[in-house]
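**Q** Sharing a structure here in C-alpha cells format.
The values are calculated or read from the model by the stated rules, or taken from the named source; none is laboratory data. Note that this is a predicted model, so its numbers are computed, not measured. Note that each Cβ is placed from the backbone with ideal geometry, even for glycine, and that neighbours are counted across all protein chains shown.
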Amino acid sequence: MGVRLEGRKSKPLSRWLWLVKWVLLIPHFIILAFLLLGLILATIVAFVALLFTGSYPRRLFDYNLGVLRWTWRVSFYGYSALATDEYPPFTLGEAPGYPARLEIDYPDGQRSGLPLIGRWLLGFPQYALAVLFAGSGVGLAEHYRVGGGVLHVLVFVVAMLLLFTDDYPTDVFDLVMGFNRWVFRVVAYALFMRPEYPPFRFDPGPGEPSGSADAEPPPVVPRVAG
C-alpha cells in the first residue's frame, strides 16, 4: 500500500490532561486550518499535473505528506487516540523522537488522463467507511475532534478508563490504531498520493503487521565467516 502509520503508547498517561487538550491544541488547530487549505489547493494542482503527465509534483507531495504527518501527531496526542501526553511539535517534517509516525512512499508513476478520475471515483465505498470510522473529518481538519465516528466512541471509552482507572488497555489501543491506519490509507488514496486501492483489511496494533507490504523490513544481520 505504501502507507505506514505507527504509534507508540506512552506510559504513564495523565488521568485528567485529556480534559484540557482541546485548549492546548488551539495553536495547532489554527495553523492546521491554513495548512489544510494549502493541502486542498496543492491536491488540485497535483491532480491537473497527474491528469496530463501521470506524475505527482514532488514538492506538492512532500507538502501534503508534511500536513498529514502534522495531523497524525495532533490526532495521536488529541482525540483520535489520546495515546501520549507529549505535546506535538510544530513541523511539517519528520519528528523522529515523537511517538507517532507516518510515512507515505512517493509514487514513481500513476495513470494519466480520464482513467485517473475513474480510479478516484471507485474509492467511494472506502470514503464512506472512513467517514463511519472517523466521522466527517476523515483524518483531516476534524479528525481529532470529539464525536462523529466509531473511532471517537472508542476514544471516549479510553478517556473514561483513564479518568477512573488510570489504565489504557493494550487491546483498545490496538483497535484505535487499526481504525486510524485504515482512515489514513484512504486519505492517501483520496489525495492521489498512492495509486493502489486501499485494502479492505483491518490491521490493529502500534505498527504495520509483520509480513505486509507496508511493514518495515527486518534489519540485515551480517554473516560471520566460519
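**Q** Select from region 1-18 the residues that are within 13 Å of residue 85 (Cβ to Cβ) and either of a type in the set (D, E, K, R) or within 22 Å of the chain's Cα centre (by Cα) (or both) and list them in ascending order. Spell out the reasoning first.
**A** Going through region 1-18, the residues within 13 Å of residue 85 (Cβ to Cβ) turn out to be 8-18.
Selection gives 8, 9, 10, 11, 13, 15, 18.
**Q** Here is a further query. Just name the residue that is surrounded by the fewest Cβ atoms within 10 Å (Cβ to Cβ) out of those in region 95-119 that are modelled with pLDDT of 95 or more and farther than 17 Å from residue 43 by Cα.
**A** 103
**Q** Pull out all pairs, ordered by first then second residue, where Cβ-Cβ is under 8 Å, the residues are six or more apart or on different chains, the first lies in region 55-68 and is over 18 Å from residue 101 (Cβ atoms) and in contact (Cβ under 8 Å) with a residue 40 or more places away in the chain, and the second is assigned to a helix (DSSP H, G or I) and of a type in the set (A, V, I, L, M, F, W, C).
**A** Pairs found: 55/49; 56/46; 56/49; 56/50.
**Q** Kindly provide the set of residues from region 44-92 that are over 19 Å from residue 106 (Cα atoms), of a type outside the set (A, V, I, L, M, F, W, C) and in contact with a Ser or Thr (Cβ under 7 Å, 6 or more places away or on another chain), ordered by number. Show your work before the answer.
**A** Looking only at region 44-92, we keep the residues that are over 19 Å from residue 106 (Cα atoms), and these are 73-91.
Add one more test, that the residue is of a type outside the set (A, V, I, L, M, F, W, C), and what stays is 73, 75, 77-80, 84-89, 91.
Of everything in region 44-92, those that are over 19 Å from residue 106 (Cα atoms), of a type outside the set (A, V, I, L, M, F, W, C) and in contact with a Ser or Thr (Cβ under 7 Å, 6 or more places away or on another chain) turn out to be 77, 84, 85, 86.
**Q** Here is a follow-up. Could you grab me the full set of residues in region 171-207 that are part of a loop (DSSP other than H, G, I, E, B), in contact (Cβ under 8 Å) with a residue 40 or more places away in the chain and among the charged types (D, E, K, R)?
**A** 194, 196
**Q** Let me spell it out: the conditions are (1) at negative phi; (2) in contact with a helix residue (DSSP H, G or I) (Cβ under 7 Å, 6 or more places away or on another chain), and residue 192 meets all of them except one. Which number is the exception?
**A** Failed condition: (1).
**Q** Residues that are modelled with pLDDT under 85 and not small (Gly, Ala, Ser): does region 120-136 have at least one? Don't jump to the end; show me each part of the working.
**A** Within region 120-136, the subset modelled with pLDDT under 85 is 135-136.
From what's left, not small (Gly, Ala, Ser): none.
There is no residue in region 120-136 that is modelled with pLDDT under 85 and not small (Gly, Ala, Ser).
**Q** When you scan region 156-176, how many residues do you find that are under 16 Å from the mean Cα position of the chain (by Cα) and surrounded by fewer than 23 Cβ atoms within 10 Å (Cβ to Cβ)?
**A** Of the residues in region 156-176, the ones under 16 Å from the mean Cα position of the chain (by Cα) are 173-176.
Narrowing the set further to residues that are surrounded by fewer than 23 Cβ atoms within 10 Å (Cβ to Cβ) leaves 173-175.
The qualifying residues number 3.
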